[in-house]
Amino acid sequence: MALDRNAVGREVGPSSVSWDSRDVMLYALGVGAGQADALDELRFTTENSEGQPLVALPVYAVVLIQRAGARLDMGPIDRTKLVHAEQGFVLHRPLPLHGTVQVSARITGIYDKGSGALVSTAATAVDAATGELLVESQSSAFIRGEGGFGGERGPAGAAACPDRAPDVEIAAPTRSDQALLYRLSGDRNPLHSDPVFARRGGFDRPILHGMCTYGITGRLLLQALGGGDPARLRAMSARFTRPVMPGDHLTVQAWREPGQVRFRTLGPTGQPVLDYGVLTLAD
């Protein structure tokens, strides 16, 4: 098995992806909405609570792109060696409670990181009814054992978080069954559910989806800094730095800066599991 280093520029799509209010609510539960207090975030988890109309969490827009059936061809790689490395998105308008989008994606770069290769991709989701661009996504995957081919290292990422106390710090516990709940939103990778597959990938047990940690983080930052208003969240990006196990206690830290919020999420040992984060909120 080997990565096809000539895959840069390869495209896939458009693929049709539809969702409805049930999907929106299931995703919210998967990223911890209502976990601390079942009555606290009913606008994300119920469609018939008086005075709390249902709204979609913005980060679900990235999940719609991931749900596109067609997968970019990177060559015959060993997928037990592949992990999500970075994720960013720009939301061009608030995510509706139901709809259909056409998703297209392409490989934008393959970089040599020594111990592995970093494959970057870009994707778009366009409203199937209006042709309007809904979301743009940028992501990368790290494939262990595919580096050392003498290629470019790749562009520099976001700067590290500020060297001062965070302006906001939020506790973020997870459940032991968090991955089993989150996978129902579409990511059925057995790395997050099958102990045998996880051991083949070098883990003692199934790990939590990186995008679950990402969604938990986005949800908590929206609550703490955006007044819980999904229309305010315009963009979010971060790097996945360490695996998270279901049941781990996480801590989200954030720093307010002009025009943006910098953030990271710490694992139970105090080391970052999600880092170099940048969040953009509308006024």
Taking into account only those residues within region 173-200 that are more than 18 Å from ALA33 (Cα to Cα) and hydrophobic (A, V, I, L, M, F, W, C), which is modelled with the highest pLDDT? VAL196
In this structure, does LYS113 turn out to be within 21 Å of the chain's Cα centre (by Cα), among the basic types (Lys, Arg), surrounded by 14 or more Cβ atoms within 10 Å (Cβ to Cβ) and closer than 30 Å to PRO268 by Cβ? no
Among all residue pairs at least 6 apart or on different chains, which show Cβ distances below 8 Å where the first residue, located in region 75-100, is over 30 Å from PRO230 (Cα atoms) and the second is part of a helix (DSSP H, G or I)? THR80/LEU191; THR80/PHE197; THR80/ARG200
Looking at region 17-36 only, could you name the residues that are buried (at least 22 other Cβ atoms within 10 Å of the Cβ) and at positive phi? GLY32
With criteria (1) modelled with pLDDT of 95 or more; (2) surrounded by 18 or more Cβ atoms within 10 Å (Cβ to Cβ), ALA224 comes up short on (2)
Tell me whether region 167-181 contains one or more residues that are in contact with a helix residue (DSSP H, G or I) (Cβ under 9 Å, 6 or more places away or on another chain), more than 29 Å from ILE110 (Cα to Cα), part of a loop (DSSP other than H, G, I, E, B) and polar (S, T, N, Q). yes
Please specify each residue of region 267-283 satisfying the condition of being more than 14 Å from the chain's Cα centre (by Cα) and within 15 Å of PRO162 (Cα to Cα). PRO272
Among the residues listed as SER104, SER137, SER49, SER120, the single one being within 27 Å of PRO14 (Cβ to Cβ) and without any contact (Cβ under 8 Å) to a residue 60 or more places away in the chain: SER120
Pairs only if they're at least six apart or on different chains, beta carbon under 6 angstrom, first in region 24-42 and without any contact (Cβ under 8 Å) to a residue 12 or more places away in the chain, second in a loop (DSSP other than H, G, I, E, B) and crowded, with 16+ Cβ neighbours inside 10 Å; list them, first residue then second. GLY34/GLU41
What are the residue pairs meeting all of these: first residue in region 246-270, first residue free of Cβ contacts under 8 Å to residues at least 24 places away in the same chain and more than 10 Å from PRO173 (Cα to Cα), second residue polar (S, T, N, Q) and assigned to a strand (DSSP E or B), Cβ atoms under 7 Å, and 6 or more apart or on different chains? GLN260/THR280; LEU266/THR251; LEU266/GLN253
Being under 22 Å from LEU191 (Cβ atoms) and touching an Asp or Glu at 6+ places or on another chain (Cβ under 8 Å), is that true of even one residue in region 121-137? yes
Breaking point among (1) out of contact with any helix residue (DSSP H, G or I) (no Cβ under 8 Å at 6 or more places or on another chain); (2) part of a strand (DSSP E or B); (3) more than 29 Å from ASN6 (Cβ to Cβ), for VAL252: (1)
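The values are calculated or read from the model by the stated rules, or taken from the named source; none is laboratory data. Every value quoted in this text rests on a predicted model; they were computed, and no experiment measured them. For neighbour counting, all protein chains shown are included, and Cβ atoms are generated from backbone atoms with ideal geometry for every residue, glycine included.
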